[in-house]
Amino acid sequence: MKANRFTAATALVAVALVCTIAALVYPAMSGANVAASTPEAQAVTTPYGPLTPLDREFVVKVRLAGLWEFPAGQMAEQKGTTQAVKTAGRHLIDGHTALDSADRTVATQLGIPLPNQPTPQQMGFLGTLSSASGGDFDSKLANILRLTHGQIFNTIAKVRSTTMNSLVRQLADQANDTVLDHITVMEQTGLVDFPQIVAQTTASPTTDPRDLVAPTPVPGEPTLIVNPSGAPPSSAPTSAAPTIG
């Protein structure tokens, strides 16, 4: 009987010990899983600091912005019925010429592939502007561009406050200045419908995620350069890089 009681007591102690170890190990393992899922844990090492998925997404988004906002600016200069709209168009052209050049340089240094075409949603914006005329064009330009710049403005702030990569940080600074300038000139047209902008900004997303993805460039395809007509490309030989303009 004593042997049985001793065996039972030993078993109870062993069970208690196993439970205690499990209780100590589980939080540690759980914390490891959480840590492994954080952007920092998914970062890629570069000479300029860690590069997170958010950093990479931001560099691509800057490129996409130039691919459709630059031609939108050209339309504004050609079709705008007021000087304020034409001025806004010039700011889009100048801002994205400089920003796209910086973005392509950063992407090359960090090994980030860039698209050569806008997303389906952005092509839709250009189609809307292309088919509009007169005061309707002016209003659509001001409101579409004010909405989209307001949305990317929030992304820039998040990237700037969290990135550990010096190149991405510099690009975010330039993008912040450019976007704020474009927001301002859109508002200066006097055509922005602020209640509508706020409603659309705060509404739940309804866009098909597939419409937010740009076509993947064909291997060996020349990099499209956002650049005004007649001006030399800011990078890559002209023969190897078609320009928008």
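Each value in this text was obtained by applying a stated rule to the coordinates, not by laboratory testing. Since the model is a prediction, treat every value here as computed from it, not as a measurement. With ideal geometry, Cβ positions are generated from the backbone for all residues, glycine too; neighbour counts draw on all protein chains shown.
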For GLU221 and THR82, FRET efficiency with R0 = 51 Å and r from the beta-carbon atoms, rounded to 0.05?
0.85
What is the distance, in nm, between label points placed 7 Å from the Cα along the Cα-to-Cβ direction at THR45 and at GLN196?
5.2
In nm, the gap between the two label points placed 7 Å beyond Cα toward Cβ at ARG210 and THR105 is 3.9
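Cβ neighbours within 10 Å, averaged per peptide: list 212-225, 193-206, 54-67 in order, most packed at the top. Please report the intermediate quantities before stating the final value.
Numbers: 212-225: 13.6, 193-206: 9.9, 54-67: 22.8.
Most protected by this proxy first, the peptides run 54-67, 212-225, 193-206.
Contact order normalised by length for the range 144-204, with contacts defined as Cα pairs under 8 Å and 6 or more residues apart; what percent is it?
Numbers: 35 pairs, mean separation 29.1, N = 61.
Relative contact order of the range 144-204: 48 percent.
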Counting Lys +1, Arg +1, Asp -1, Glu -1, what net charge surrounds SER130 among other residues with beta carbon under 13 Å of its beta carbon?
+1
Given labels modelled 7 Å from the Cα in the Cβ direction, how far is it in nm from ASP177 to ARG160?
1.1
